[in-house]
Amino acid sequence: MPDCFDFSRCSSSKKLYIHPMEKRFEDSPQSQIYTKILKHYQESDHYTNDPNEACIFLLGIDTTDRDIRSQNYVKNVPDYIDSLDPAVWNNGRNHLIFNFYHGTFPDYDDHNLNFDTGEAMIARASSSDKNFLKGFDISLPLFHENHPFQIESQLDEGHAKNKGSRKYLVSFKGKRYVYGIGSGTRNLVHHLHNGEDIVMVTTCKHNSDWQAYQDDRCQGDNNEYDRWEYDDLLANSTFCLVPRGRRLGSFRFLETLRSGCIPVVISDSWVLPFSETTDWNSAVIVVAERDALSIPELLMSTSRRRVKELRESAREVYDRHLRSIQVISDHVLKVRADLSEKF
């Protein structure tokens, strides 16, 4: 890390600089999430419009979606970087690049952003421990654009139910991939479904060509899937499965924490969000993908005391680091500052 980061820039300043957008790049698509992140930083005490004062640098162009098949993919990121002042870009040194979606079908390579990141730090969702540079990169949560921007004034309804018992031991409602990466675990969970205290329902009905790839289970799965409400399951389950999808991370992780349900993560090699500062062993249960069928036995053997501890820790982590885009954005800078102080 010392070879890729200029600590002298941060010895007397913790300021953040955002590269401007030349007029020719203004029509490039920008997601609501990245717009909100930049807006928060620009309105914060961290911001400076003088690159000479900055410790950390951000790109003004949106790099959050690097799936070339996505309508939000920004094609001209390389041109944008080439347009920057070379002395300020400095091969990406002290730059922090945000990314939520990487690679594309079939392998979704998490190190392929389709532009040269140089020596920049990557703050990304769905980080894999195979490519994650510990002590340098930052692992982010994946969240929807309607995730609260500001800190919510009161606790979510799901959190209010934390102290009571819940109807379901464990639940999962989501997509099932008939083929390809991420299909393994989601094809297994139907074996756990009993329709009583364990609810595991999936659907093949996603993407416009789903019927061309449907298998013998699809119609029955789709019918059972429609019987259950996603939000109701989150609010009334003690544990909620968070299996990997095409990528390692999932929106479900934050949604589960927000509802007061304890996440059961099934995503081998996923670096959990903000693992640099969070002891996730106290807040979630992690199960290897090969052990997915043993989950009911594991959860039924979990003591009430342990359940209470997990709930309380999960709620604390969510409230402290994840409950709004502002909070997440600020914590990114805190993680970066904490890592810098170790060197």
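The values are calculated or read from the model by the stated rules, or taken from the named source; none is laboratory data. Just so it is clear, the model here is predicted, and its values are computed rather than measured. All Cβ positions, even for glycine, are placed from backbone atoms using ideal geometry, and neighbour counts span all protein chains on display.
Details
- Out of Ser313, Ser329, Ser282, sole residue that is in the same structural domain as Tyr41 (by TED's automatic domain parsing), out of contact with any strand residue (DSSP E or B) (no Cβ under 9 Å at 6 or more places or on another chain) and more than 21 Å from Val199 (Cα to Cα): Ser329
- Here Leu241, Leu234, Leu272, Leu257 are screened, and the one residue that is touching a helix residue (DSSP H, G or I) at 6+ places or on another chain (Cβ under 7 Å), farther than 22 Å from Arg166 by Cα and buried (at least 18 other Cβ atoms within 10 Å of the Cβ) is Leu272.
- Odd one out for His111 among (1) part of a loop (DSSP other than H, G, I, E, B); (2) in the same structural domain as Asp291 (by TED's automatic domain parsing); (3) modelled with pLDDT under 85; (4) of a type outside the set (Asp, Glu): (2)
- For first residues located in segment 307-322 and under 14 Å from Asn281 (Cβ atoms), partners that are of a type outside the set (Val, Ile, Thr) and part of a helix (DSSP H, G or I) and lie 6+ apart or on another chain with Cβ distances below 6 Å form the pairs Ser313/Ser282; Ala314/Leu257.
- Among the residues making up segment 243-265, a single one is assigned to a helix (DSSP H, G or I) and β-branched (Val, Ile, Thr): Thr256.
- Candidates Arg186, Arg244, Arg227 - the one that is under 26 Å from the mean Cα position of the chain (by Cα), charged (D, E, K, R) and modelled with pLDDT of 90 or more: Arg244
- Against the list (1) among the acidic types (Asp, Glu); (2) closer than 23 Å to Val332 by Cα; (3) at pLDDT 95 or above, the condition Glu276 fails is (3).
- Test result for Ala283, in contact (Cβ under 8 Å) with a residue 12 or more places away in the chain and buried (at least 19 other Cβ atoms within 10 Å of the Cβ): yes
- Leading residue by the ranking (nearest to Leu248 (Cα to Cα)) among those in segment 164-178 that are of a type in the set (Lys, Arg) and assigned to a strand (DSSP E or B): Lys175
- Counted residues, segment 306-338 - those being under 20 Å from Ala235 (Cα atoms) and in a helix (DSSP H, G or I): 15
- Qualifying residue in segment 285-305 (condition: of a type in the set (Ser, Thr, Tyr) and touching a strand residue (DSSP E or B) at 6+ places or on another chain (Cβ under 6 Å)): no
- Every pair of residues 6+ apart whose Cβ atoms lie under 7 Å, when the first sits in segment 67-93 and is farther than 27 Å from Glu53 by Cβ while the second is part of a helix (DSSP H, G or I) and among the hydrophobic types (A, V, I, L, M, F, W, C): Asn76/Phe25
- When Ile328 is tested against (1) crowded, with 20+ Cβ neighbours inside 10 Å; (2) closer than 28 Å to Tyr179 by Cβ; (3) in contact (Cβ under 8 Å) with a residue 40 or more places away in the chain, only condition (2) is not met.
- The number of residues in segment 242-281 that are charged (D, E, K, R) and touching a Leu at 6+ places or on another chain (Cβ under 7 Å) comes to 2.
Yes/no per residue for (1) part of a loop (DSSP other than H, G, I, E, B); (2) in the same structural domain as Ser259 (by TED's automatic domain parsing); (3) of a type outside the set (A, V, I, L, M, F, W, C); (4) surrounded by 12 or more Cβ atoms within 10 Å (Cβ to Cβ):
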site	(1), (2), (3), (4)
Gly180	yes, yes, yes, yes
Gly184	no, yes, yes, yes
His191	no, yes, yes, no
Val199	no, yes, no, yes
Lys205	yes, yes, yes, yes
Gln211	no, yes, yes, no
Asp215	yes, yes, yes, yes
Arg227	yes, yes, yes, no
